[in-house]
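Before any comments, here is the structure.
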Amino acid sequence: MCICVNCRHVHSCLTYYLIQKQHKKQYSIKINNNFFIPQKTLININYCNLYMTFDWDLIECLSFIETPGNWINY
């Protein structure tokens, strides 16, 4: 599971935006000059052979600031 959903920066994070784009989901922010660039991120990419899909999850980020459920409050 992506740790981004509980991060304070989820609504303006460039890495989260790119992960959502890989999942082909629409994202509520528009990337402009005010986006947040996190430091030292680690993305885990799982490949599902049965459906030929990839699952992208951010599993480590030095910029992570825990704010549980922050992704809901937008």
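The values are calculated or read from the model by the stated rules, or taken from the named source; none is laboratory data. What you are looking at is a predicted structure, and each value in this text was computed from that prediction instead of being measured. Please note: Cβ atoms are built from the backbone with ideal geometry, for glycine as well, and neighbour counts cover all protein chains shown.
Below, the figures for the structure above:
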item: Residue in region 16-40 that is modelled with the lowest pLDDT, counting only those that are in contact with a strand residue (DSSP E or B) (Cβ under 6 Å, 6 or more places away or on another chain) and closer than 14 Å to residue 65 by Cβ; result: 36
item: Region 43-59, residues that are within 11 Å of the chain's Cα centre (by Cα) and either at pLDDT below 80 or of a type outside the set (Phe, Trp, Tyr) (or both); result: 43, 57, 58, 59
item: Neighbours by Cβ (under 6 Å, 6+ apart or cross-chain): first from region 35-50, in a strand (DSSP E or B); second surrounded by 11 or more Cβ atoms within 10 Å (Cβ to Cβ) and among the acidic types (Asp, Glu); result: 42/60; 44/57; 46/55
